[in-house]
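**Student:** Just dropping this structure here.
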Amino acid sequence: MKTSSMKRKITALLSGVLFGAGLLLSGLADPAKVIGFLDVSRISNGTWDPSLMVVMTGALAVYMSLFYLVVKPNIRAGLAPVFDAKYHLPEKKTLDSQLVLGAALFGLGWGVVGICPGPAIVNIATLDINLGLFVLAMLFGLYIGKQLKSAQLNMVKAS
Amino acid sequence: MELSSFAAALGGGVLIGLSAILLMIFNGRIAGISGILSSAIFPDKKWTDKQFTGEKSSDNADDESGPAWQWFFIAGLVLTGVIYTLVYEQLGLPVFEFDTVSQPMLLIGGLLVGLGCSLGRGCTSGHGICGIGRLSLRSIVATCVFIAVAAGTAVFIH
């Protein structure tokens, strides 16, 4: 049905708008504020900014409670989301070295610049050249990662 | 920390949580920004596999004409940013600076963020909120690793 596809896309648009508003309101879109949180050495002189922890607490409180109140019971009952035929959840459950390596590389980049993917995109409208450089490099990184993962998948298939 | 900045952080967090759970309840999708970006810009050519295996087009494959849903989410994010740049002066909202580190560092940082999110299959949103929000072990480990490494790096660099 064409209508459910349209409804999914409108939901995605609204979700993106809300997400962007949350990033901007919370201060997460401001690299200086993110560094102010990540640089924990500032605890000693009292200039540490715990905002990011508050943002995560607020987001998790909402997400986790509604996930366990609505989504989890739906999945158990074999029900689908409102506009799609199934829930699209990751199938991988076990830890692997690639997860840890990837998270460490991401942490390294995030700690240097103070920008993660959401804030990078919400700030595109500033047309700031420095942010533009970051976004291009980030997209290139995503592309390399994708190529590495598909090469790895082909090796597994071939063996 | 001032009360207003605490309230803004909490309110912003609630909005992010609402946005992410909305996408899960209605579309069954994870609001992971790095994954959404990657799927939109570098999409999988799943249809070739389907043609190859002769699989019938699934429940929603036949009606996915036009841009993928991921582009609509990105458009929403960008739209909010556009509105912000139009109103921040009148409302006395802060301007953000992106020149705290040199341009080579910005490029290296961006590359690491992109590559890391791709290999680690998620960023702050996908692992830190959606993943921890459903108590995924992988996401809990990933989030602890990237926050610890980012904090260590920030202390070292800034």
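**Student:** Do we find a residue being in contact with a Gly (Cβ under 7 Å, 6 or more places away or on another chain), more than 25 Å from B:Ala148 (Cβ to Cβ) and without any contact (Cβ under 8 Å) to a residue 24 or more places away in the chain anywhere in segment A:89-108?
**Tutor:** no
**Student:** List the pairs whose first member sits in segment A:44-71 and is of a type in the set (Asp, Glu), whose second member is open to solvent by 30 Å² or more (accessible area, probe 1.4 Å) and not in a helix (DSSP H, G or I), and whose Cβ atoms are under 8 Å apart, counting only residues at least 6 apart or on separate chains?
**Tutor:** A:Asp49/B:Met1
**Student:** Which members of segment B:76-93 meet the condition of being under 17 Å from A:Leu127 (Cβ atoms) and within 7 Å of chain A (Cβ to nearest Cβ)?
**Tutor:** B:Leu77, B:Val78, B:Leu79, B:Thr80, B:Gly81, B:Val82, B:Tyr84, B:Thr85
**Student:** In addition: Which residues, counting only those in segment A:18-45, are part of a helix (DSSP H, G or I) and open to solvent by 50 Å² or more (accessible area, probe 1.4 Å)? Give the derivation first.
**Tutor:** Quick first cut of segment A:18-45, residues part of a helix (DSSP H, G or I) only: A:18-26, A:31-38, A:40-43.
If the condition is that a residue be part of a helix (DSSP H, G or I) and open to solvent by 50 Å² or more (accessible area, probe 1.4 Å), then A:Leu18, A:Leu25, A:Ala32, A:Lys33, A:Val40, A:Ser41, A:Arg42, A:Ile43 are the ones that fit.
**Student:** Which of the residues that make up segment B:119-143 are farther than 17 Å from A:Gly20 by Cβ, polar (S, T, N, Q) and touching a residue at least 60 places away in the same chain (Cβ under 8 Å)?
**Tutor:** none
**Student:** Hey, can you tell me all the residues within segment A:94-116 that are surrounded by fewer than 24 Cβ atoms within 10 Å (Cβ to Cβ) and facing chain B (nearest Cβ under 7 Å)? Working first, answer last.
**Tutor:** Narrowing segment A:94-116 to residues surrounded by fewer than 24 Cβ atoms within 10 Å (Cβ to Cβ): A:94-101, A:104, A:108.
Across segment A:94-116, the qualifying residues are A:Leu95, A:Gln98, A:Leu99, A:Val100, A:Leu101, A:Ala104, A:Leu108.
**Student:** Report whether or not A:Tyr87 is surrounded by 13 or more Cβ atoms within 10 Å (Cβ to Cβ) and within 17 Å of the chain's Cα centre (by Cα).
**Tutor:** No.
**Student:** Okay, moving on. State all residues of segment A:48-60 that are facing another protein chain (nearest Cβ under 7 Å) and among the aliphatic types (A, V, I, L, M); if no residue qualifies, say none.
**Tutor:** Residues satisfying the conditions are A:Val54, A:Val55, A:Met56, A:Ala59, A:Leu60.
**Student:** Could you check, for segment B:109-131, whether at least one of its residues is more than 7 Å from chain A (Cβ to nearest Cβ) and more than 17 Å from the chain's Cα centre (by Cα)?
**Tutor:** No, segment B:109-131 has no match at all.
**Student:** Also, quick follow-up: Please find, within segment A:71-84, the residue that is nearest to the other protein chains (Cβ to nearest Cβ) out of those that are open to solvent by less than 50 Å² (accessible area, probe 1.4 Å) and closer than 21 Å to B:Ser139 by Cβ.
**Tutor:** A:Pro81
**Student:** Return only the number of the condition from (1) open to solvent by 20 Å² or more (accessible area, probe 1.4 Å); (2) hydrophobic (A, V, I, L, M, F, W, C); (3) under 17 Å from B:Leu10 (Cβ atoms) that A:Val55 does not satisfy.
**Tutor:** A:Val55 satisfies all of (1) open to solvent by 20 Å² or more (accessible area, probe 1.4 Å); (2) hydrophobic (A, V, I, L, M, F, W, C); (3) under 17 Å from B:Leu10 (Cβ atoms) except (1).
**Student:** Any idea which residue in segment B:78-99 is modelled with the lowest pLDDT, counting only those that are β-branched (Val, Ile, Thr) and open to solvent by 80 Å² or more (accessible area, probe 1.4 Å)? Steps first, please.
**Tutor:** Filtering segment B:78-99 for residues β-branched (Val, Ile, Thr) gives B:78, B:80, B:82-83, B:85, B:87, B:95.
Then keep just the ones that are open to solvent by 80 Å² or more (accessible area, probe 1.4 Å); that gives B:83, B:95.
Numbers: B:Ile83: 97, B:Val95: 87.
Here the answer is B:Val95.
The values are calculated or read from the model by the stated rules, or taken from the named source; none is laboratory data. Here the structure is a predicted model, which means the values were calculated and not measured. Every residue, glycine as well, gets a Cβ built from its backbone with ideal geometry; the counts of neighbours run over all protein chains shown. Surface areas here come from the heavy atoms of the whole protein model, side chains and all, with no ligands, DNA or RNA. Shrake-Rupley method; radii C 1.70, N 1.55, O 1.52, S 1.80 Å.
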